[in-house]
1. What number of residues within the range 164-187 satisfy the criterion of being at pLDDT 75 or above and either assigned to a loop (DSSP other than H, G, I, E, B) or of a type in the set (Asp, Glu) (or both)?
2. Against the definition (part of a strand (DSSP E or B), without any contact (Cβ under 8 Å) to a residue 60 or more places away in the chain, open to solvent by 10 Å² or more (accessible area, probe 1.4 Å) and under 23 Å from Gly62 (Cβ atoms)), how does Lys116 come out, yes or no?
3. In the range 29-50, which residues are open to solvent by 100 Å² or more (accessible area, probe 1.4 Å) and closer than 30 Å to Phe73 by Cβ?
4. Take the range 89-99 and flag every residue that is open to solvent by less than 20 Å² (accessible area, probe 1.4 Å) and within 20 Å of the chain's Cα centre (by Cα).
5. Being of a type in the set (S, T, N, Q) and under 17 Å from Lys146 (Cα atoms) narrows it down to one of Ser58, Ser80, Ser65, so name that one.
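The values are calculated or read from the model by the stated rules, or taken from the named source; none is laboratory data. Everything quoted here is computed from the prediction, not taken from an experiment. A quick note on method: Cβ atoms are made from the backbone with ideal geometry, for glycine too, and the neighbour counts reach across all protein chains shown. The protein model used for the area step is the full one, side chains on, heavy atoms only, and it has no ligands, DNA or RNA in it. Shrake-Rupley method; radii C 1.70, N 1.55, O 1.52, S 1.80 Å.
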Amino acid sequence: MEAVLQQKVIEATQCVEKQLDAEIEKLDNLDISDIEKLREQRLKKLKLLQQQKQNWLSLGHGEYSELQDEKEFFEISKKSENIVCLFYKDDSERSKIVDHHFKILAKKHIEAKFCKLNVMRCPFLTERLRIKIIPTIAIIVNGKTKDYIVGFTDLGNRDDFSTETLELRISLAGAITVEDNCPSEINKKPWLSYTPKSKTIRGPNDSNSDDSDDD
């Protein structure tokens with residue numbers, strides 16, 4: 001058994017060495033014009049990323065905010081591609097736990113709009129999204145409800161879950177990007193799973209309402 005493990009380690013090491021050798025060979029074969037092209041491409045990407053960040057900030061990303069009513073929710077859903085919204089009640093202690101984590105994540109992940117909405121102020125939306133348990137986190141991507149985090153079941157079913165756990169769970173729906181979101185980390189947390197949804201977000205006065213979903 002030990003010999004087999006040693007052989008596996010050797011094979012893995014050789015595989016990594018081959019990959020490194022291939023990358024080094026590519027770099028060695030680059031001439032000045034190739035390096036300049038790579039530099040220009042990198043600068044363009046950085047410029048586009050900076051422009052995107054400024055656009056996100058102009059839409060209120062980077063701050064965890066409370067929405068006043070359904071109208072405001074529908075307005076931001078037309079402007080922001082990624083929305084992570086907490087549906088809460090004033091007397092919900094668990095909603096306050098989510099508040100704590102959202103304040104941190106909103107600043108870290110400006111690619112998404114983090115917000116919250118009191119269910120008492122949004123009866124139409126609460127019914128449309130079938131929100132029955134508080135807190136419920138709705139994750140909207142490109143105008144469609146991609147995922148729900150209902151209560152804390154998906155977060156280990158405990159109140160003292162970490163910000164990183166919630167961050168990873170939200171990232172599974174594609175609303176935020178976590179660089180170290182690897183399968184091994186997800187496998188360590190078998191309760192981190194989600195069922196994709198597909199419900200177009202429309203206002204109560206829209207005549208062509210799309211109610212298709214995978215519930």
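1. Qualifying residue count, the range 164-187: 9.
2. For Lys116, the condition - part of a strand (DSSP E or B), without any contact (Cβ under 8 Å) to a residue 60 or more places away in the chain, open to solvent by 10 Å² or more (accessible area, probe 1.4 Å) and under 23 Å from Gly62 (Cβ atoms) - is met.
3. Once the filter is applied, which keeps residues that are open to solvent by 100 Å² or more (accessible area, probe 1.4 Å) and closer than 30 Å to Phe73 by Cβ, the range 29-50 yields only Leu48.
4. Ser95, Val98 - these are the residues of the range 89-99 that are open to solvent by less than 20 Å² (accessible area, probe 1.4 Å) and within 20 Å of the chain's Cα centre (by Cα).
5. Ser80
Yes/no matrix, rows are residues, columns are (1) over 23 Å from Gly156 (Cα atoms); (2) open to solvent by less than 90 Å² (accessible area, probe 1.4 Å); (3) assigned to a helix (DSSP H, G or I):
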site	(1), (2), (3)
Phe73	yes, yes, yes
Leu86	no, yes, no
His101	no, yes, yes
Ile110	yes, yes, no
Phe124	yes, yes, yes
